[in-house]
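One structure is given below, encoded as structure tokens.
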Amino acid sequence: MDDNKSNLKKDISLRLRKIEGQVKGIQKMVDSGSCCKDILVQIAAVRAAINKVGGLMLEDYALNCMNLDEEDENVKQLIDTMVRFLK
């Protein structure tokens, strides 16, 4: 479980760094007067990436903070449903 938590933390950190880069890219696009449509596409990508990070955090919360049994089929279904909802 500790290995999974460590891998999850690394995955979340990597995703957040990528999101940070995307946001900086959007700022440059705004500053340079890029097409609004192109900026909106990038904003949608950032929003989707944030939702993915939120889903990973939600899964971590359910399994590690609430100590729910990850082998319980109902728990798996609940987590899967919530993560899909965030997409």
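Carbon and sulfur atoms: what percent of the 1.4 Å accessible area of the chain do they account for? All intermediate terms of the calculation are to be shown ahead of the outcome.
Numbers: 3730 of 6590 Å².
Here carbon and sulfur together make up 57 percent of the probe-accessible area.
Per 0.36 nm of contour for each residue apart, how much would the distance between LYS24 and ALA45 grow if the chain were fully extended, relative to their Cα-Cα spacing?
Contour length minus Cα-Cα distance gives 6.3 nm.
Could you compute the net charge surrounding SER34? Neighbours are other residues with a C-beta less than 14 Å from the C-beta of SER34; K and R count +1, D and E count -1. Provide the component values of the computation, followed by the final result.
Numbers: positive: LYS24, LYS28, LYS37; negative: ASP31, ASP38.
Its environment carries a net charge of +1.
Name the aspartates and glutamates eligible as straight-distance cross-link partners of LYS10: C-alpha to C-alpha under 16 Å, and not fewer than 8 places from it in the same chain.
ASP2, GLU20, GLU59, ASP60
For segment 2-86, what is the convex hull (Cα atoms) projected area averaged across all directions, in square nanometres? Please report the intermediate quantities before stating the final value.
Numbers: hull surface 24.4 nm².
Mean projected area for segment 2-86: 6.1 nm², to one decimal.
Can you compute the helix-only [θ] at 222 nm over the chain? Use -39500 (n - 2.57) per DSSP H run of at least 4 residues, normalise by all residues, nearest 500 deg cm²/dmol. Intermediate values should be presented prior to the final figure.
Values: 3 runs with 70 residues, N = 87.
Using -39500 (n - 2.57) per qualifying helix, the result is -28500 deg cm²/dmol.
Can you give the relative contact order of the chain as a percent, counting alpha carbon pairs under 8 Å and 6+ residues apart? Write out the running numbers ahead of the final one.
Working: 43 pairs, mean separation 26.1, N = 87.
After rounding, I find 30 percent.
Taking a probe of 1.4 Å, how large is the accessible area per residue of the chain, in Å²?
Working: 6590 Å² over 87 residues.
Accessible area per residue: 76 Å².
For the chain, what are the DSSP H helices with axial Cα length of 18 Å or more and mean Kyte-Doolittle hydropathy of at least 0.5? Let's see the in-between values first.
Numbers: long enough: 2-32 (45 Å, -1.03); 36-60 (36 Å, 0.74); 73-86 (20 Å, 0.15).
What comes out of the filter, once short or polar helices are dropped, is 36-60.
The values are calculated or read from the model by the stated rules, or taken from the named source; none is laboratory data. A quick note: this is a predicted structure, and the numbers were derived from the prediction, not measured. When we count neighbours, we look across all protein chains shown, and the Cβ atoms used for this are built from the backbone with ideal geometry, even at glycine. Side chains included, ligands, DNA and RNA excluded: accessible areas come from the protein's heavy atoms. Shrake-Rupley method; radii C 1.70, N 1.55, O 1.52, S 1.80 Å.
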